[in-house]
Amino acid sequence: MNFNVRLAGAAYAVPPSDEAVDIVFERERIRIEKALSPLGPESRRKAVEGLGLNRVRICTDNQLYDLVREAASKAVADAGVTGRDINLIVDYSTWNSENSRGLSFAHKLSADLGAETAMILSFKVGGCAGLHVALKTAIGWMSTDERIQTALLVTGDAAPPGNRSLLPITIHGDGGSAVVLRRDGPEGPLVLGVEALTLGHLHKAITMTRTNEKLDIVVDALCMEQQVMPVYFINMLQVIDRALATTSLTLNDIDHFIYTNISRRDREAFCKMLRLPKGSLPSTPMAEYGHTFASDLLINYVNMRRDGLIRPGQLLLFASAGIGFTWGATIARA
């Protein structure tokens, strides 16, 4: 990039109510058995072991927007700006019932935050990797329009009733998050590079269907096992390599790896892929929050900041993959 963009502010919000994963398993037992039925015994066993998730946070009716607004307000305050300073709002939420009538969270936020003149964009591409797509989109707009000095990126996802189990992958927790980008801002990690890769022919791995006004998240277990997983970490490594190449860095230069909270076994596989020593990924609240889709990265980043783990000058690598099927990597210097 020929100009500086910083992660000037970041925040997340999760609902106060929670539910034990064991209760989810029991309530959605028929759904789980149906999802796992195409798999062999060993694959079914692995699907329910090694999740590393004890509880998930759950939204009540129409609570998700409040979480997104809370996260956005905190991120704006963290960045030291006001709603009037926001020139672009990008909503990259994957799915929820609250914005299914044509209006995104960005429309409501523009009014509630006092950002009425902000350009509004929304898309549902990328799933858990949506942050990278949103960053790429916002930075692209900033690079072509000098009037866009500040951008607010938001996401919020809540599982439809009866759809909290996404086995053989994970268990869905609800939450929202936000990040503020500033052109030539005085503080915050400097974005050095963003890369994303999508294989559209794998879109059927995870889909949402509507039957009799009821929303269902459908996981194609065979597609995940036979088509996605053989290339999952190959493509993850590819986008990471591309991000490193564009910034003239190597893996050895990275101080902190910020990865998603799909499951404990997935995080262990990520470390194995990169040949990272044990303990390279800091502990996260995923055991109590569940997998919150694209909010995972910001939850982990914000908690690392709160814990004082990130020092000025250190290099951060954000990585995640999600429906689409999409992989993404972002590198920033604190």
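Looking only at segment 166-188, how many residues end up being part of a loop (DSSP other than H, G, I, E, B) and basic (Lys, Arg)? Let's see the steps before the verdict.
First, the residues of segment 166-188 that are part of a loop (DSSP other than H, G, I, E, B): 167-169, 173-174, 184-188.
Then drop every residue that is not basic (Lys, Arg), which leaves none.
Residues that pass the stated criteria total 0.
Regarding segment 241-255, can at least one residue be identified that is modelled with pLDDT of 95 or more and under 19 Å from the mean Cα position of the chain (by Cα)?
Among the residues of segment 241-255, at least one is modelled with pLDDT of 95 or more and under 19 Å from the mean Cα position of the chain (by Cα), which makes the answer yes.
For Phe270, are the conditions met, namely being touching a helix residue (DSSP H, G or I) at 6+ places or on another chain (Cβ under 8 Å), within 29 Å of Asp91 (Cα to Cα) and not in a helix (DSSP H, G or I)?
No; evaluated as a whole, the condition is false for this residue.
State whether the residues of segment 189-198 include one that is in a loop (DSSP other than H, G, I, E, B), surrounded by fewer than 23 Cβ atoms within 10 Å (Cβ to Cβ), aliphatic (A, V, I, L, M) and modelled with pLDDT of 95 or more.
Checked segment 189-198: no residue is in a loop (DSSP other than H, G, I, E, B), surrounded by fewer than 23 Cβ atoms within 10 Å (Cβ to Cβ), aliphatic (A, V, I, L, M) and modelled with pLDDT of 95 or more.
Select from segment 244-265 the residues that are assigned to a helix (DSSP H, G or I), out of contact with any helix residue (DSSP H, G or I) (no Cβ under 9 Å at 6 or more places or on another chain) and either in contact (Cβ under 8 Å) with a residue 40 or more places away in the chain or of a type in the set (A, V, I, L, M, F, W, C) (or both) and list them in ascending order.
Within segment 244-265, Ala245, Thr246 qualify.
Give the residue, chosen from Leu121, Leu166, Leu181, that is surrounded by fewer than 24 Cβ atoms within 10 Å (Cβ to Cβ) and farther than 27 Å from Arg27 by Cα.
Checking each option against the conditions leaves just Leu121.
Which one of His203, His107 is within 21 Å of the chain's Cα centre (by Cα), surrounded by fewer than 24 Cβ atoms within 10 Å (Cβ to Cβ), under 16 Å from Ala72 (Cα atoms) and not charged (D, E, K, R)?
Answer to the selection: His107.
Against the definition (in contact with a Phe, Trp or Tyr (Cβ under 9 Å, 6 or more places away or on another chain) and either surrounded by fewer than 19 Cβ atoms within 10 Å (Cβ to Cβ) or assigned to a helix (DSSP H, G or I) (or both)), how does Leu309 come out, yes or no?
So Leu309 fails the test.
Has segment 217-238 got any residue that is hydrophobic (A, V, I, L, M, F, W, C), in contact with a Phe, Trp or Tyr (Cβ under 8 Å, 6 or more places away or on another chain) and either outside any helix (DSSP H, G or I) or over 25 Å from Thr155 (Cβ atoms) (or both)? Walk me through how you get there before you give the answer.
The first filter runs over segment 217-238 and keeps only residues hydrophobic (A, V, I, L, M, F, W, C), leaving 217-219, 221-224, 228-229, 231, 233-234, 236-237.
Next cut, in contact with a Phe, Trp or Tyr (Cβ under 8 Å, 6 or more places away or on another chain) only: 217, 228, 233, 236.
So of that shortlist, the ones also either outside any helix (DSSP H, G or I) or over 25 Å from Thr155 (Cβ atoms) (or both) come out as 217.
Yes: one or more hits.
From the residues in segment 58-75 that are modelled with pLDDT of 95 or more and in contact with a Ser or Thr (Cβ under 7 Å, 6 or more places away or on another chain), which one is surrounded by the fewest Cβ atoms within 10 Å (Cβ to Cβ)?
Within segment 58-75, the match that is surrounded by the fewest Cβ atoms within 10 Å (Cβ to Cβ) is Ile58.
Kindly indicate whether Arg210 is surrounded by fewer than 18 Cβ atoms within 10 Å (Cβ to Cβ) and modelled with pLDDT of 95 or more.
When the stated conditions are applied, Arg210 does not pass them.
Which numbered condition in (1) over 20 Å from Ala205 (Cα atoms); (2) surrounded by fewer than 18 Cβ atoms within 10 Å (Cβ to Cβ); (3) at pLDDT 95 or above is the only one that Pro230 fails?
Unmet for Pro230, out of (1) over 20 Å from Ala205 (Cα atoms); (2) surrounded by fewer than 18 Cβ atoms within 10 Å (Cβ to Cβ); (3) at pLDDT 95 or above: (1).
Evaluate the following for Phe318: is it closer than 20 Å to Thr198 by Cβ, part of a loop (DSSP other than H, G, I, E, B) and in contact with a helix residue (DSSP H, G or I) (Cβ under 7 Å, 6 or more places away or on another chain)?
Numbers: closer than 20 Å to Thr198 by Cβ: yes; part of a loop (DSSP other than H, G, I, E, B): no; in contact with a helix residue (DSSP H, G or I) (Cβ under 7 Å, 6 or more places away or on another chain): yes.
So Phe318 does not fit the description; no.
Does Glu26 satisfy the criteria of being out of contact with any helix residue (DSSP H, G or I) (no Cβ under 9 Å at 6 or more places or on another chain) and either at pLDDT 95 or above or crowded, with 18+ Cβ neighbours inside 10 Å (or both)? Before you say what the answer is, go through the steps one by one.
Details: out of contact with any helix residue (DSSP H, G or I) (no Cβ under 9 Å at 6 or more places or on another chain): yes; either at pLDDT 95 or above or crowded, with 18+ Cβ neighbours inside 10 Å (or both): yes.
Yes.
The values are calculated or read from the model by the stated rules, or taken from the named source; none is laboratory data. Small disclaimer: the values here were computed from a predicted structure and weren't measured. Note that we place each Cβ from the backbone using ideal geometry, even for glycine, and neighbour counts take in every protein chain shown.
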